[in-house]
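The values are calculated or read from the model by the stated rules, or taken from the named source; none is laboratory data. Here the structure is a predicted model, which is why all the values come from computation and not from measurement. Counting neighbours? That spans all protein chains shown, and the Cβs are built from the backbone with ideal geometry, glycine included. To get the accessible areas, we keep the full protein, side chains included, count just its heavy atoms, and leave off ligands, DNA and RNA. Shrake-Rupley method; radii C 1.70, N 1.55, O 1.52, S 1.80 Å.
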Amino acid sequence: MSVLKLKYPFSPSGFVAAAAAISTTTISHRFPCLEIAPTPSSPKPKHPQHLLSLLLKHPSQPQLLQQVHCHIITSGLFHYPFNNTSTCLLLLNNVIRCYSRGPSPHLALHFFRYTQHSHTLFTYPSLDTFSFAFLSHASANPTCTHFGTQLHALVFKVGFQFHVYVQTGLLQMYSSWGLLVEAAQVFYQMPHRSLVTWNVFITGLITWGEVELALSVFSQMSSRSVVSWTLVIDGYTRKNQPMKALALFREMIEVDGIEPTHVTLLTIFPAIANIGCIKICQSAHGYAEKRGFNAFDIRITNALIDLYAKCGCIASVNRFLQELPDQRKNLVSWTSAISGFAMNGMGREALETFENMEKAGLRPNRVTFLSVLSACSHGGLVQEGLNFFVKMVEDCKLVPDIKHYGCVIDMLGRAGRLEEAEKVASQVPHEVANAVMWRTLLGACSVHNNVEIGQRVTRKILEMERGHGGDYVLMSNILVGVGRFKDAQRLRDMIDKRIAFKLPGYSIV
DNA sequence: TTAGGGTTAG
């Protein structure tokens with residue numbers, strides 16, 4: 001279950017021992033920081049209250065945050081014995097918090113290392129519970145395991161091992177690393193847990209695929225919020241168990257009397273799409289409409305466009321496009337409609353929608369191009385598709401990923417232009433090429449009975465993956481198509497020898 | 001202070 005190993009064995013005593021092993025001097029040695037002390041040439045430090053006000057007013061402006069960070073360091077602000085050190089601590093905490101919520105949370109750790117310098121006012125004993133909660137939030141990614149582990153040790157050293165916010169932060173940190181055993185240890189050793197603590201633990205379990213465990217934890221909660229319900233519903237949606245997700249959704253409303261939020265609806269829609277039942281889709285739409293969700297929230301409307309398309313009801317997609325004013329439509333609205341036309345084989349309508357989107361002044365992104373390429377592929381619009389690929393790269397300067405290449409290969413392959421498809425596949429950058437891309441081409445070789453390319457492609461696939469039984473079956477079918485029955489049988493025999501797996505197909509219709 | 005997913009190849 002765990003993907004990473006703790007440096008110290010988990011147990012409170014283990015951490016206390018680890019904490020004891022890390023003395024003050026060791027900490028500053030491990031956190032080398034800038035040796036900056038105020039000099040006559042240093043800029044005059046602004047009052048910490050001023051910097052704090054700026055941060056609180058604009059908490060999500062990365063440039064401002066970095067300027068405050070820079071000013072604190074270059075002015076040596078934390079070296080001055082200000083009277084009101086609590087303001088300085090507030091400033092320090094808010095810098096860490098803003099970094100932890102932004103795109104570069106590791107910068108919070110760089111900043112923290114600076115404050116660990118022996119000449120600053122803030123060495124770890126003066127930090128408060130807020131500092132530790134924000135620091136563990138900033139460490140919640142797998143690149144920060146070394147720092148986070150030491151942070152846990154520090155928590156023991158300063159005596160916050162029973163503080164709900166601090167421990168919830170550590171729980172989230174371990175969960176984000178996939179260290180669910182350690183997360184469980186933190187969770188079960190907490191004498192008091194908040195609702196958020198439970199939800200953080202459930203989130204961690206679901207993120208790493210432990211949905212049944214998550215449900216078990218969920219069932220132990222004395223009171224559950226809509227967030228708790230949404231989390232487990234989402235877990236079952238992701239696990240491809242849409243009926244279970246729907247059953248939980250109903251139970252939430254009928255048994256616990258909890259009203260869904262927009263997030264709950266956004267979670268339940270993919271489950272309904274997975275079932276593909278238009279009746280349930282209409283019922284969910286009616287529910288959202290009645291509660292006023294889609295009148296105000298474009299995300300709900302976009303998700304409904306996607307849902308109707310996945311249930312095969314393209315008339316409703318058209319109705320949304322007509323009734324939704326262009327001012328309300330955003331890129332996701334247009335892209336969802338294009339993707340909907342694509343998956344329903346309506347290439348021309350997808351292209352027309354793309355044109356309308358551009359007329360409305362929106363610039364396509366990579367997902368839009370992927371949808372339109374898929375539309376061209378399914379609609380047999382090869383030249384148009386190739387033009388779109390060129391437009392994406394040359395006009396819009398977007399770098400294609402494996403899915404875009406996959407679409408182009410599929411498009412050429414379906415049209416029987418196998419040599420060109422093979423050429424594109426062989427030119428895909430090595431670092432992004434995958435077996436799926438070659439498998440797409442092998443499917444096209446099977447449709448067009450091309451043994452020569454089929455054999456080359458099969459070799460390519462087997463160099464990458466050997467356990468996918470469908471590849472042997474496809475190639476074997478190609479050989480049967482040209483009467484090479486013995487070769488076909490030999491390939492089928494390889495499925496057993498190489499322990500490849502092929503789930504037999506079935507139909508309930 | 002801490003929690004929950006709008007669109008993405010085959």
Report summary line: The condition of being within 16 Å of residue A:288 (Cβ to Cβ) and either assigned to a helix (DSSP H, G or I) or modelled with pLDDT of 95 or more (or both) holds, among A:217, A:263, only for A:263
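Here is a list: A:370, A:351. Which entry is near DNA strand B (Cβ under 6 Å from one of its atoms), without any contact (Cβ under 8 Å) to a residue 60 or more places away in the chain and part of a helix (DSSP H, G or I)?
Values: A:351 fails: near DNA strand B (Cβ under 6 Å from one of its atoms).
Of A:370, A:351, the one residue that is near DNA strand B (Cβ under 6 Å from one of its atoms), without any contact (Cβ under 8 Å) to a residue 60 or more places away in the chain and part of a helix (DSSP H, G or I) is A:370.
Any residue at all in the stretch A:108-117 that's hydrophobic (A, V, I, L, M, F, W, C) and either surrounded by fewer than 21 Cβ atoms within 10 Å (Cβ to Cβ) or away from DNA strand B (no atom under 15 Å from the Cβ) (or both)? Outline the logic, then answer.
Applying the first criterion (hydrophobic (A, V, I, L, M, F, W, C)) to the stretch A:108-117 yields A:108-109, A:111-112.
From what's left, either surrounded by fewer than 21 Cβ atoms within 10 Å (Cβ to Cβ) or away from DNA strand B (no atom under 15 Å from the Cβ) (or both): A:109, A:111.
Scanning the stretch A:108-117, I find at least one residue that is hydrophobic (A, V, I, L, M, F, W, C) and either surrounded by fewer than 21 Cβ atoms within 10 Å (Cβ to Cβ) or away from DNA strand B (no atom under 15 Å from the Cβ) (or both), so the answer is yes.
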Requested in this report: Name the one entry in A:135, A:92, A:127 that is without any contact (Cβ under 8 Å) to a residue 60 or more places away in the chain, within 23 Å of the chain's Cα centre (by Cα), open to solvent by less than 60 Å² (accessible area, probe 1.4 Å) and closer than 23 Å to residue A:67 by Cα.
Outcome: A:135
Query raised in the report: If you check residue A:495 against the conditions, is it in contact with a Cys (Cβ under 8 Å, 6 or more places away or on another chain) and not small (Gly, Ala, Ser)?
Result: no
Query raised in the report: Within the stretch A:406-420, can one find any residue that is in a loop (DSSP other than H, G, I, E, B), free of Cβ contacts under 8 Å to residues at least 12 places away in the same chain and surrounded by fewer than 19 Cβ atoms within 10 Å (Cβ to Cβ)?
Result: no
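Here is a list: A:242, A:260, A:270. Which entry is in contact with a helix residue (DSSP H, G or I) (Cβ under 8 Å, 6 or more places away or on another chain), open to solvent by less than 60 Å² (accessible area, probe 1.4 Å), near DNA strand B (Cβ under 8 Å from one of its atoms) and not charged (D, E, K, R)? If you could, list the steps in order and put the result at the bottom.
Values: A:242 fails: near DNA strand B (Cβ under 8 Å from one of its atoms); A:270 fails: open to solvent by less than 60 Å² (accessible area, probe 1.4 Å).
After ruling out the rest, the residue left standing is A:260.
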Query raised in the report: Only one residue in A:185, A:172, A:150, A:161 is of a type outside the set (Lys, Arg), open to solvent by 10 Å² or more (accessible area, probe 1.4 Å) and away from DNA strand B (no atom under 16 Å from the Cβ), so which one is that?
Result: A:185
**Report entry** the stretch A:420-450 - residue that is more than 8 Å from DNA strand B (Cβ to nearest atom) and among the hydroxyl-bearing types (Ser, Thr, Tyr) and, of those, nearest to residue A:476 (Cα to Cα)
**Finding:** A:446
Query raised in the report: Consider residue A:286 against the criteria (1) part of a helix (DSSP H, G or I); (2) over 27 Å from residue A:315 (Cβ atoms); (3) small (Gly, Ala, Ser): it satisfies all of them except one. Which criterion is unmet?
Result: (2)
**Report entry** Filter result (small (Gly, Ala, Ser), open to solvent by less than 30 Å² (accessible area, probe 1.4 Å) and either assigned to a helix (DSSP H, G or I) or without any contact (Cβ under 8 Å) to a residue 40 or more places away in the chain (or both)) within the stretch A:65-86
**Finding:** A:75
Query raised in the report: Hey, does the stretch A:200-211 have a residue that's of a type in the set (Phe, Trp, Tyr) and surrounded by fewer than 23 Cβ atoms within 10 Å (Cβ to Cβ)?
Result: yes
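Yes or no: residue A:312 in a loop (DSSP other than H, G, I, E, B) and touching a residue at least 12 places away in the same chain (Cβ under 8 Å)?
Numbers: in a loop (DSSP other than H, G, I, E, B): yes; touching a residue at least 12 places away in the same chain (Cβ under 8 Å): yes.
In short, yes.
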Requested in this report: Would you mind telling me which numbered condition in (1) open to solvent by 30 Å² or more (accessible area, probe 1.4 Å); (2) modelled with pLDDT of 95 or more residue A:229 fails?
Outcome: (1)
Query - Only one of A:206, A:233, A:253 that is over 23 Å from residue A:282 (Cα atoms) and without any contact (Cβ under 8 Å) to a residue 40 or more places away in the chain - result: A:206
Query - Answer from A:366, A:319, A:348 - the residue that is in contact with a Leu (Cβ under 6 Å, 6 or more places away or on another chain), of a type outside the set (Val, Ile, Thr) and open to solvent by 70 Å² or more (accessible area, probe 1.4 Å) - result: A:366
